[in-house]
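Every number here is computed from the coordinates shown, using simple stated rules; none is lab data. Note that the structure is a prediction, hence the values are computed from the model and not measured. Note that we place each Cβ from the backbone using ideal geometry, even for glycine, and neighbour counts take in every protein chain shown.
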Amino acid sequence: MIKLFRSKIYIALTLMVLVLFLGVLGYRFLSDFSWLDAFYMTVITVTTVGFSEVKPLSIEAKIFTVFLIISSVFIFAFAISVITEYILGRNSLQLLKKKKVKNKINSLVNHVIVCGYGRNGAQAGERLNAYKRPFVVIERNKEVIEKHEADILFVEGDANDDEVLKEAGIERAQYLIAAMPDDAANLFVVLSARQLNKNLFIISRASLITSQKKLELAGANKVIMPDKIGGDHMASLVVMPDLITFMDKLSVEGVHTTNLEEVAIEDFADQVECNSLRDLNLRQKTGCTIIGYIEPNGNYIINPEADLQLQPKSKVIVLGRPEQIEKLNEVFHIRQ
């Protein structure tokens with residue numbers, strides 16, 4: 001539609017230039033005006049401003065002027081209508097696009113809200129896409145939004161604004177990631193989000209060690225320091241490079257694939273009798289291996305025994321190749 005409008009604008013501009021060109025030639029040769037006088041006469045004629053002629057016109061020049069006025073009125077009217085249609089149509093498309101995004105956001109439940117789509121926010125978005133977790137990004141930079149709006153749900157505005165958080169569905173969200181580069185901005189977002197949703201799990205980015213405690217007091221469940229993690233990671237590559245590279249492979253197998261999965265015991269309980277890890281028999285059914293167990297109180301057990309008794313509201317950490325994880329989700333009908 002935009003391309004159609006643009007082609008009409010090009011036609012209108014071409015006709016306007018053509019009528020000016022013909023007007024200048026007509027006055028130049030019919031009335032023997034100078035080029036400047038011919039241009040002047042053409043402008044005052046097509047714009048119908050009513051100024052007097054440079055000098056009296058011949059009968060031929062008067063007839064030419066009548067046709068010039070009539071043709072210019074229609075051409076300029078056409079140009080104005082095209083430009084108006086283009087502007088209104090563009091605004092209408094933007095409104096329709098925003099309404100469509102708003103409807104999609106309003107339909108989300110237990111989704112993730114990412115505040116800020118810089119380096120850390122974009123990385124979080126990539127991993128959420130890999131795990132097929134629905135998320136909404138709050139971003140105030142229009143250039144960033146226009147660059148990625150085809151693939152991501154954006155809410156334009158300041159994440160510190162309660163109305164913007166509500167527009168992103170803060171009351172229905174399950175997680176919030178405060179990924180802005182400024183610790184103070186993240187602190188205000190955490191405070192606002194915690195007031196709007198008491199059950200929200202909040203993860204915040206921090207640059208300074210002194211900000212970590214403040215963010216936790218404000219209501220953040222987890223505080224991540226990317227700079228500290230990066231330094232630890234580089235040092236670990238010196239001490240045990242192969243192990244760290246292997247761990248990187250586990251976490252960044254691909255943008256659209258995963259090889260680690262966290263599964264609630266309730267996802268298995270309705271389909272198999274699972275009193276212990278051995279009863280699940282995931283290795284034989286899917287090829288996946290259970291490498292961790294999370295107790296209801298949050299205690300982690302690494303490499304649990306096969307006879308470990310399962311408890312309600314507990315979880316297992318499963319390792320497998322992407323195709324094995326996909327088979328796990330299919331076999332046990334696990335909603336991603």
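HN-Hα J couplings of the range 134-143 from phi, Karplus 6.51/-1.76/1.60, θ = phi - 60°, integer Hz, Gly and Pro as x?
My calculation for the range 134-143 gives x, 8, 10, 10, 9, 8, 9, 7, 5, 5 Hz in order.
Which of the lysines could be linked to residue 214 by a straight reach, that is with a Cα gap under 28 Å, when you skip same-chain ones fewer than 8 residues away?
List returned: 166, 198, 222, 228.
If amide H atoms are built 1.01 Å from N in the plane of the peptide, which residues on other chains or at least 5 residues away come under 5 Å of the amide H of residue 138?
The answer is 114, 115, 116, 155.
If you plug each phi of the range 281-286 into the Karplus form 6.51 cos²θ - 1.76 cosθ + 1.60 with θ = phi - 60°, what whole-Hz ³J(HN,Hα) values come out, in order, with x for Gly and Pro?
Here the 3J(HN,Hα) series is 6, 5, 4, 6, 7, 10 Hz.
Taking every eigenvalue of the Cα gyration tensor of the range 148-243, multiplying by 5 and rooting it, what semi-axes result, largest first, whole Å?
Here the semi-axes work out to 28, 17, 12 Å.
Could you list 288, 274 in order of exposure, starting from the residue whose Cβ has the fewest other Cβ atoms within 10 Å?
Ordered by Cβ neighbours within 10 Å, fewest first: 274, 288.
As a check on your grasp of the helix formula, calculate [θ] at 222 nm for the chain: sum -39500 (n - 2.57) over DSSP H runs of n ≥ 4, divide by the residue count, round to the nearest 500.
Calculated at 222 nm, the ellipticity per residue is -17500 deg cm²/dmol.
Within a 10 angstrom radius of the beta carbon, how do 81, 52, 211 rank from fewest other beta carbons to most?
With the sparsest Cβ surroundings first, the list reads 52, 81, 211.
In whole Å, what three semi-axes, largest first, describe the equivalent ellipsoid of the range 119-167 built from its Cα gyration tensor (square root of 5 times each eigenvalue)? Don't jump to the answer; show the numbers that get you there.
On the way: eigenvalues 68, 34, 18 Å².
They are 18, 13, 10 Å, listed from largest to smallest.
So, with +1 on the Cβ of K and R and -1 on the Cβ of D and E, and no other charges, what is the size of the charge dipole of the chain about its Cα centre, to the nearest 20 debye?
For this selection, approximately 780 debye.
Would you mind checking which residues have amide H under 5 Å from residue 207's amide H? H placed 1.01 Å from N; only 5 or more apart, or other chain.
Amide H neighbours of residue 207, under 5 Å, 5+ apart: 183.
Given that just one value was derived from the coordinates, which of (i) 27.1; (ii) 24.6; (iii) 22.6 is mean projected area of the Cα convex hull in nm²?
(i)
Please list, or write none, the aspartates and glutamates whose alpha carbon is within less than 12 Å of the alpha carbon of residue 104, excluding same-chain residues fewer than 8 places away.
167
Checking the cross-link filter: which lysines have an alpha carbon closer than 17 Å to that of residue 147, excluding same-chain neighbours under 8 positions apart?
Of all the lysines, those that pass the test against residue 147 - Cα under 17 Å, at least 8 places apart if same chain - are 97, 98.
HN-Hα J couplings of the range 18-33 from phi, Karplus 6.51/-1.76/1.60, θ = phi - 60°, integer Hz, Gly and Pro as x?
5, 5, 5, 5, 5, x, 4, 5, x, 5, 5, 9, 7, 10, 6, 6
Assuming 0.36 nm per residue, please report the length gained on full extension of the stretch residue 235 to residue 133 beyond their Cα-Cα distance.
33.5 nm
Please report the antiparallel percentage of DSSP beta bridges with both residues in the chain, rounded to the nearest 5.
Values: 15 of 34 bridges.
In the chain, approximately 45 percent of DSSP beta bridges are antiparallel ones.
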